[in-house]
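Take a look at the structure set out below.
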Amino acid sequence: MTDQAGTIPVPRAVEAAEPEALSGPPTRGRTSGEPPRRGGASVRRVLARREARIALLFVLPAFLLFLAFRFGPAIAGVGLSFFDYDISGTLDFEGLDNFVRLVQDPVFWRSLLVTVLFSLLAVPLTLAISIALALAVRRTFRGSRFFRSVFFLPVITSLVLAGAIFKWIFSTDGPWSQLMEPLGLGGSWLNSPVLVIPALVIVSVWSRFGYGMLIALAALQDVPRELEEAALMDGAGAWARFRFIVFPHLRPTLLFLAVIETTASFQVFDLIYVMTQGGPARGSYTLVYMLYDQGFKYFDYGYAAAIGVVLFIMTLAVALIQRRLIGGRK
Amino acid sequence: MQHRKTLAAVAVAATSAIALAGCAGGSTDGGDAKVTMWIYPVIADEAAHSSYWDGLIASYEKANPGVEVDYEIYPWANRDESLQTAIAAGKGPDLVYLIPDQLSSYASSIEPMDAYLPAEQADDILPNVRDSITIDGSLMGTPLLTSANALMCDRSAFEKAGITDYPKTWDDLMEMAPTFKQNDIYTTQYFGSPEVTLNMTFYPLLWQAGGSVFSDDGSEVAFDGPEGVAALTYLTELAQNDYLEPDLISTMPALEQTALATGQVACTWQSGPADVASYWGEDNIEILPPLTDEESVSYGTVGSLAMLKGAQDKEAAGAFAAYATDADNVKAFDLASNYFSPLASTGELYADDPIQSAIEDVIPTSRVGELYPGAREVMGVLAPEIQAALLGTKTPEQALKDAAAAAEPLLG
């Protein structure tokens, strides 16, 4: 099946957007042995360019909005980190002073530790539960749609509302305290500088696994059923089927989820703002909370921007490492 | 191809429109004077609040043809974020309601009021109120109201515990604590969340012990002195003996989820009658002078209308601010909002109301907090250390010492 035969399996606009289609040799997709038809290819290139232009025009509004409200502020933020900016509008160049101050600030190291600890617990747990539940509701069975909907509900539940309820659940006389009492972990976890992070991780995982489950569920639909059935016929157990058939198909999805979840956990703020306000005794004081305090409470915008830059570098570095570890050669 | 060209043209036009809309700024009609004001829900009933300003502005505009006053009532939550963003974008209001702590933070963006207030109106401001809104000799706002957090006790809790006398000193309250505990009543409460200003929580104890947050010249912190240690030791003793509601040390639940709402707190200096009246019943509210260790002192605040430097028409904004805060209007506003007058000439507003009258008596001795530069940052490093002491992970001495060390570079 060739494009000349008019049965191209990809939309023309997509093909046109590929650089090779615009400037590469006109033999792409051609049936072997068929001579190149230069005139047709030329017309197609022109058409492709026009379609590309129209496609670009459609993309342009979103791109401009992205430039104006995402890219622009991000660049401005990086620039601001080298200045001392007063609310009255005074801008003084400080060079690397904000970063030097950051390195010398024990609160920064404490909040970095809290952020990393939170992420180390929250990201793997969210991924594991997302995939486990996606596998559980993957097959259609009686009530499977109901369970899929129920599992997704926390994602669309207001975190402010959920936070109020979880504050009660984790309170001194709340059910979690009663449940943990026999294990010697009774009392309010939100009152413990050590247990506050696990408590927040539980709420974070609860609020996010539904999204991961949905993405994983979509990826699982692409796993060839016949491969699994063949493996089953050959006597492969559930774990072997998952390990050697399902998991390789899930790799790109897992990478996507890992990057998304890591970014979200590095940037955790609303959950902490609602539940603990960074306490007790800075037990849940994350980098973004520190950034918020410096920017909006103390009006120290340059210092806040420097924290933002560090957070960006951290997120980028971890995403690249994840890409290497999970993404494989792809 | 024509339809494609049309489509492309439409896409370009839409893109341009969106881009332009994103960059569009506010427009002014020019000519007549226009004043904009941001206020917050000082009168809790939104309809009553709007009605107050609608009436006042209508009468002002009638008396001053050509002047237009617009106001917006913003929520209390995240008000600093909104205001900072607006100021940074050059879209701030001409006038805004600020408390002393904010006057200090926004000082570089505020136009002093001295030139816009008639002399007799400026002279009418109570001395402690004037001090609280003056920075470097300039009046940073024109006061609209004052408040004070007296000691407030629940009569029914005392009856339940069989205690007939009310506390006057720290020791009185501590002696009563075991009896309250036996009756499942917390002696008091402490909002330990770093989001709660220490002006309402720890600083009154520090002041009552005779201490202060800063040295006299504001160049260094003083909260780690013996007075601060005494205040935090007292608070820690209350916490570690379960005389305080434990969850409030680290979280800030809705008031209805706290022991205060279920009638299980005997006394507090961190909430007011309006907070508890619907739970305790007005008949059960006992207002008392602030506790004393070395002196009886409480936190109070002053609400002012401040003018921002970016005000379009400073004369018009100043004239309206002076009008809105003259003695007649202050009296009307404070009665409508259940706050107190910052002016001497208005006299006692609540002579017939025993609760409000008792609080009014405390106003002249209340303090508005610490107005030195860096006061907010210092709260930011002190609040977590207080939490650590209350949770028993640090001694009061160590917690204050660590907080003082962390505060030192902030005062640079």
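Computed over chain B, the range of Cα coordinates on each principal axis works out to 84, 59, 43 Å, biggest value leading.
Size descriptors for the range A:141-295, from the alpha-carbon set: Rg then Dmax equal 19.7, 61 Å.
The angle between the Cα long axis of helix B:226-240 and the longest principal axis of the Cα atoms of chain B comes to about 80 degrees, rounded to the nearest 10. Output the antiparallel fraction of DSSP beta bridges having both residues in the protein assembly as shown, as a percent to the nearest 5. Here the share of antiparallel DSSP bridges comes out near 70 percent. Going from the fewest other Cβ atoms within 10 Å to the most, the residues A:Phe146, A:Phe247, A:Phe151 appear in the order A:Phe146, A:Phe247, A:Phe151. If R0 is taken as 35 Å, the Cβ-Cβ distance between A:Leu153 and B:Ser156 corresponds to a FRET efficiency of 0.25.
In square nanometres, what is one fourth of the surface area of the convex hull spanned by the alpha carbons of the protein assembly as shown?
Details: hull surface 172.9 nm².
If you wrap the Cα atoms of the protein assembly as shown in a convex hull and average its projections, you get 43.2 nm².
Tally the DSSP beta bridges in chain B and give the antiparallel ones as a percent, rounded to 5. Before the final figure, lay out the partial values.
On the way: 24 of 37 bridges.
Taking every DSSP beta bridge with both residues in chain B, the antiparallel ones total about 65 percent.
Helix-derived [θ] at 222 nm for chain B: sum -39500 (n - 2.57) over DSSP H runs of at least 4, divide by residue count, nearest 500?
-13000 deg cm²/dmol
Among rounded, prolate and oblate, which fits the range B:166-207 when a ≥ b ≥ c are the square roots of the eigenvalues of its C-alpha gyration tensor, a/c under 1.5 means rounded, and a/b larger than b/c means prolate? Before the final figure, lay out the partial values.
Details: a/c = 4.00, a/b = 1.61, b/c = 2.49.
Verdict is oblate for the range B:166-207.
Modelled spin-label separation between B:Asp353 and B:Ala222, with each label point placed 7 Å from Cα along the Cα-to-Cβ direction: 3.6 nm. Placing pseudo-labels 7 Å out from each Cα toward the beta carbon at A:Ala230 and B:Lys401 gives an inter-label distance of 7.2 nm.
What is the range A:274-330 by shape, rounded, prolate or oblate, if you read a ≥ b ≥ c off the alpha carbon gyration tensor as root eigenvalues and call it rounded for a/c under 1.5, prolate for a/b larger than b/c, and oblate otherwise? Here the range A:274-330 falls in the oblate category. For the range B:300-341, the alpha carbon positions stretch 32, 22, 12 Å along the principal axes, listed from largest to smallest.
Please compute the Kirkwood hydrodynamic radius of the range B:287-357 from all pairs of different C-alpha atoms, in Å with one decimal. Provide the component values of the computation, followed by the final result.
Numbers: mean 1/r = 0.0679 Å⁻¹.
When all Cα pairs of the range B:287-357 are included, the Kirkwood radius is 14.7 Å.
Our note on the geometry: Cα centres of the range B:163-215 and the range B:271-291, 15 Å apart.
Going from the residue with the fewest nearby Cβ atoms within 10 Å to the one with the most, A:Leu161, B:Leu335, B:Leu95 rank A:Leu161, B:Leu335, B:Leu95. Pairs B:Lys160/B:Lys181; B:Lys34/B:Lys62; B:Lys34/B:Lys309; B:Lys91/B:Lys314; B:Lys91/B:Lys309; B:Lys62/B:Lys91: which are spaced more than 21 Å apart, C-alpha to C-alpha? Those over the limit are B:Lys62/B:Lys91. Based on alpha-carbon centroids, what's the gap between the range A:55-99 and the range B:37-112 in Å, whole number please? Centre-to-centre distance over Cα atoms comes out at 29 Å. Label separation (A:Ile321 vs A:Arg50): 5.2 nm, computed from points 7 Å beyond Cα along the C-beta direction.
Between A:Thr263 and A:Leu214, what length in nm is gained on full extension when 0.36 nm per residue of separation is reduced by their alpha carbon distance?
Stretched out fully, the A:Thr263 to A:Leu214 stretch lengthens by 15.8 nm.
Basic side chains Lys and Arg get +1 at the Cβ, acidic Asp and Glu get -1 at the Cβ, and with that the dipole of the protein assembly as shown about its Cα centre reaches some 7220 debye. Taken as Cα centroids, the range B:339-377 and the range A:219-261 sit 69 Å apart, rounded to the nearest whole angstrom.
If R₀ is 35 angstrom, what is the calculated FRET efficiency for the pair B:Ala48 and B:Ala89, using the beta carbon separation as r and rounding to 0.05?
Values: r = 32 Å, r/R0 = 0.90.
The pair B:Ala48/B:Ala89 has a calculated efficiency of 0.65.
3J(HN,Hα) couplings calculated from phi for the range A:184-199 with the Karplus curve 6.51 cos²θ - 1.76 cosθ + 1.60 (θ = phi - 60°) are, in sequence order, x, 10, x, x, 6, 5, 6, 9, 10, x, 8, 7, 5, 5, x, 4 Hz; Gly and Pro show x.
All of the numbers you see were taken from the coordinates with simple rules; none came from a lab. Everything numeric here is computed off the predicted structure, so don't read it as measured data. All Cβ positions, glycine included, derive from the backbone under ideal geometry; neighbour counts span all protein chains shown.
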